[in-house]
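S.K.: My questions will all concern the structure given below.
The values are calculated or read from the model by the stated rules, or taken from the named source; none is laboratory data. Since the structure is predicted, the reported quantities are computational estimates derived from the model, not experimental observations. Ideal geometry is used to build each Cβ from the backbone, glycine not excepted, and the neighbour counts take in all protein chains shown.
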Amino acid sequence: STLSPESARESLSPFPPAPPHPVNILKTIALGQMLSLCICGTAITSQYLAEKYKVNTPMLQSFINYCLLFLFYTMILAFQSGSDNLLSILKRKWWKYILLGLADVEANYLIVKAYQYTTLTSVQLLDCFGIPVLMALSWFILYARYRVIHFIAVAVCLLGVGTMVGADILAGREDNSGSDVLIGDILVLLGASLYAVSNVCEEYVVKKLSRQEFLGMVGLFGTIVSGIQLLIVEYKDIAGIQWDWKIALLFAAFALCMFCLYSFMPLVIKVTSATSVNLGILTADLYSLFFGLFLFGYKVSK
């Protein structure tokens with residue numbers, strides 16, 4: 001999830017905002033739900049691979065997505081001219097994008113890894129922890145300022161996170177999986193925090209520079225970092241995969257959902273308000289809950 005400081009700045013303006021056009025409202029809703037479905041798609045495919053097929057290769061899943069970003073967006077930068085050219089960008093900002101790529105890769109790795117330990121619904125609900133982390137980063141890095149209502153919302157979010165972790169621990173004790181569930185929850189919280197770092201960078205690059213530069217650099221360094229990590233930590237797991245068309249289809253579906261999510265998120269940031277984007281994306285939690293109930297047989301805790 002992405003939270004921009006622009007909405008906070010707009011709320012402090014002495015001039016009332018112009019009423020939104022109905023077409024823009026519909027566009028906001030449609031784009032937000034499309035992103036939610038992409039997020040839900042990555043969650044479902046990851047859960048199926050981990051739970052049904054015992055395929056635990058989160059880095060391979062992410063590597064395929066970064067390769068797609070590289071082949072599309074990094075190649076666009078390679079054929080640009082002037083200061084927007086790939087080599088020109090690398091000469092000026094290579095080390096910054098290495099750090100961005102590292103944060104983004106590890107965020108994806110931790111979130112997908114968490115599906116080995118905890119449930120689909122827990123992952124989707126706990127990843128909202130990234131919102132207060134993102135607000136804190138925006139406060140210090142982008143100099144965003146928020147009103148009291150924003151801090152109240154953060155407090156409610158943190159309370160919900162604590163409640164969710166506690167519920168998972170209690171539920172895990174009943175089937176002797178409490179430690180695994182707690183590990184999964186911690187992975188989600190760490191991954192959400194790294195997503196916040198990536199999203200702050202995305203906010204800055206997309207609005208100050210260009211969407212192509214952000215996606216091209218993430219594609220380049222994401223492919224390099226995830227490829228190296230893939231060879232180090234997952235080569236045995238990949239060799240042990242019993243490939244069939246169903247597993248291949250799940251990998252392809254995950255990569256497609258991730259590619260669409262990465263491609264459209266910058267567009268949503270530019271054409272809609274950040275508040276609307278975040279409210280729209282939160283519906284992914286609801287979609288994941290329904291899919292968890294009907295596809296994986298989860299039960300609602302009492």
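S.K.: Quick check, is GLY178 modelled with pLDDT under 70, within 27 Å of TYR117 (Cβ to Cβ) and surrounded by fewer than 16 Cβ atoms within 10 Å (Cβ to Cβ)?
M.R.: Spelling it out, GLY178 is indeed modelled with pLDDT under 70, within 27 Å of TYR117 (Cβ to Cβ) and surrounded by fewer than 16 Cβ atoms within 10 Å (Cβ to Cβ).
S.K.: Go through (1) surrounded by fewer than 19 Cβ atoms within 10 Å (Cβ to Cβ); (2) at pLDDT 85 or above; (3) assigned to a helix (DSSP H, G or I) for LYS207 and report which single condition fails.
M.R.: Going through (1) surrounded by fewer than 19 Cβ atoms within 10 Å (Cβ to Cβ); (2) at pLDDT 85 or above; (3) assigned to a helix (DSSP H, G or I) one by one, LYS207 breaks only (2).
S.K.: Sticking with this one: Could you please find all residues in the range 71-82 being modelled with pLDDT under 90 and exposed (fewer than 10 other Cβ atoms within 10 Å of the Cβ)?
M.R.: SER81, GLY82
S.K.: Within the set of pairs 6+ apart or on separate chains, which have a first residue in the range 85-100 that is of a type in the set (Phe, Trp, Tyr) and surrounded by 15 or more Cβ atoms within 10 Å (Cβ to Cβ), a second that is at pLDDT 90 or above and outside any helix (DSSP H, G or I), and C-beta atoms under 6 Å apart?
M.R.: Within 6 Å, no pair qualifies.
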